[in-house]
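Below is one structure, written out as C-alpha cells; the observations come after it.
The values are calculated or read from the model by the stated rules, or taken from the named source; none is laboratory data. Predicted model only: the values in this text are computed from it and were never measured. Positions of Cβ are generated from backbone atoms using ideal geometry, with glycine treated the same way; all protein chains shown enter the neighbour counts.
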Amino acid sequence: MLVAVDLGNTRIKLAAFEGDRIVARETIEGGSLDGSGATLAAGVIPFAPAAAADEVVVVSSAPDATAALIAALDRPVRVLGDDVRGQLVLSYERPEELGMDRLAAAFGARELVGGGSVVAVDAGTAVTVDAIDASGRFVAVAIAPGLATASLGLRRTAPHLPPARTRGAVTVPATSTEESLRNGVLLGWAGLVSRIAAAAQSAVQRAAPIVVTGGDAPRLAPILGPGFRHEPDAVLYGIRALHRLVPA
C-alpha cells in the first residue's frame with residue numbers, strides 16, 4: 001500500500017492506494033497553517049493507513065510545515081523534489097523554481113485521462129494551469145489569483161463595497177450589489193481560467209482534455225461547462241505517478 005500526501009497552504013490531503021485504486025482518503029482543513037506540528041499531529045496520525053503503508057510519498061507547497069508533517073507521521077517518508085524534477089523534461093529554464101504540486105497535478109491529470117496530452121487546472125489559493133504534451137514534456141503555462149485571493153483583493157482595494165460572497169449560484173440579471181459582486185468574481189474567474197486553459201491547449205494539442213482539481217474546483221467546474229473534467233484527486237494520483245516514474 002502507498003499513501004500519497006498533498007501538503008498545501010490551507011489543507012492536507014491524504015490517500016491510500018492499493019494498486020491503482022484509492023481505498024481511503026482524508027482531508028484536513030487548515031492543517032499546514034501553524035507549522036508547529038500540533039495541528040498536523042492531531043490530524044495526520046489518526047489516518048491509520050499512513051502507519052501501515054509500505055511507502056509514504058509527500059508533495060509539499062508549504063515548506064515551513066514539511067518538517068512538522070514528517071515528525072507527525074513518525075516513519076520514513078519520501079518528499080518529492082529535485083530528484084524528480086531533474087529526471088523530467090520541463091519547459092522551465094530553472095527547474096528548481098517549479099512547484100512539485102504543479103507537476104503532480106499535471107501528471108495525475110494525465111494518468112486519469114489515460115495518457116497523451118492533457119491540461120491541468122489546480123484551483124486553490126492560487127490557480128495554476130499547466131499541460132503535458134504527447135511526448136511527456138511538462139509545459140508550464142500560468143499562475144493566477146485563486147477565488148479567495150481575488151475576492152480579498154477586491155475587498156482591500158474597494159472597501160466601500162460589501163464583501164464578495166462566492167457561495168451561491170450566478171444570477172443574471174443581478175438584483176443587488178451582492179449578486180453583482182458574486183457574478184463578477186465567479187464569472188470573471190471562470191473566464192480567466194477558460195482563456196488560460198485554451199492557451200495551454202494551443203501549446204500542446206487543441207483537443208487535449210482539461211482536468212480541474214483543487215479546493216475551489218467544485219465551484220469552478222459547473223461554471224466552466226462540459227469541456228472541463230473535475231477530478232478532485234488528481235494531485236494524489238500525480239504523486240503516485242511521479243513516484244513510480246522516478247523511483248527513489
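A few notes on this one:
- Failed item in (1) surrounded by fewer than 19 Cβ atoms within 10 Å (Cβ to Cβ); (2) of a type outside the set (V, I, T); (3) closer than 21 Å to Y92 by Cα, with Q201 passing the rest: (1)
- A207 falls short of the stated requirement of being crowded, with 16+ Cβ neighbours inside 10 Å and of a type in the set (A, V, I, L, M, F, W, C).
- Any hit, the stretch 120-127, residues being at pLDDT 95 or above, among the small types (G, A, S) and not in a helix (DSSP H, G or I): yes
- Every condition in (1) touching a Lys or Arg at 6+ places or on another chain (Cβ under 7 Å); (2) surrounded by fewer than 16 Cβ atoms within 10 Å (Cβ to Cβ); (3) within 19 Å of D133 (Cβ to Cβ) is met by G168 except one, and the failing one is (3).
- Residues (in a strand (DSSP E or B), within 19 Å of the chain's Cα centre (by Cα) and more than 15 Å from V57 (Cβ to Cβ)) located in the stretch 9-23: R11
- Residues that are in contact with a strand residue (DSSP E or B) (Cβ under 9 Å, 6 or more places away or on another chain), in contact (Cβ under 8 Å) with a residue 40 or more places away in the chain and surrounded by fewer than 17 Cβ atoms within 10 Å (Cβ to Cβ), drawn from the stretch 112-143: G116, R137
- Top-ranked residue in the stretch 219-248 [being part of a loop (DSSP other than H, G, I, E, B) and farther than 23 Å from R195 by Cβ; ranked as modelled with the lowest pLDDT]: A248
- Residue within the stretch 162-172 that is under 26 Å from E29 (Cα atoms) and touching a Phe, Trp or Tyr at 6+ places or on another chain (Cβ under 9 Å) present: yes
- Beta carbons closer than 8 Å, at least 6 apart along the sequence or on distinct chains, pair a first residue in the stretch 66-94 that is under 16 Å from V246 (Cβ atoms) with a second that is surrounded by 12 or more Cβ atoms within 10 Å (Cβ to Cβ) and of a type in the set (D, E) for R78/E55.
- Of all residues in the stretch 178-206, exactly one satisfies the criterion of being touching a residue at least 24 places away in the same chain (Cβ under 8 Å) and not in a helix (DSSP H, G or I), namely Q205.
- Residue within the stretch 181-188 that is small (G, A, S), at pLDDT 85 or above and closer than 19 Å to G124 by Cβ present: yes
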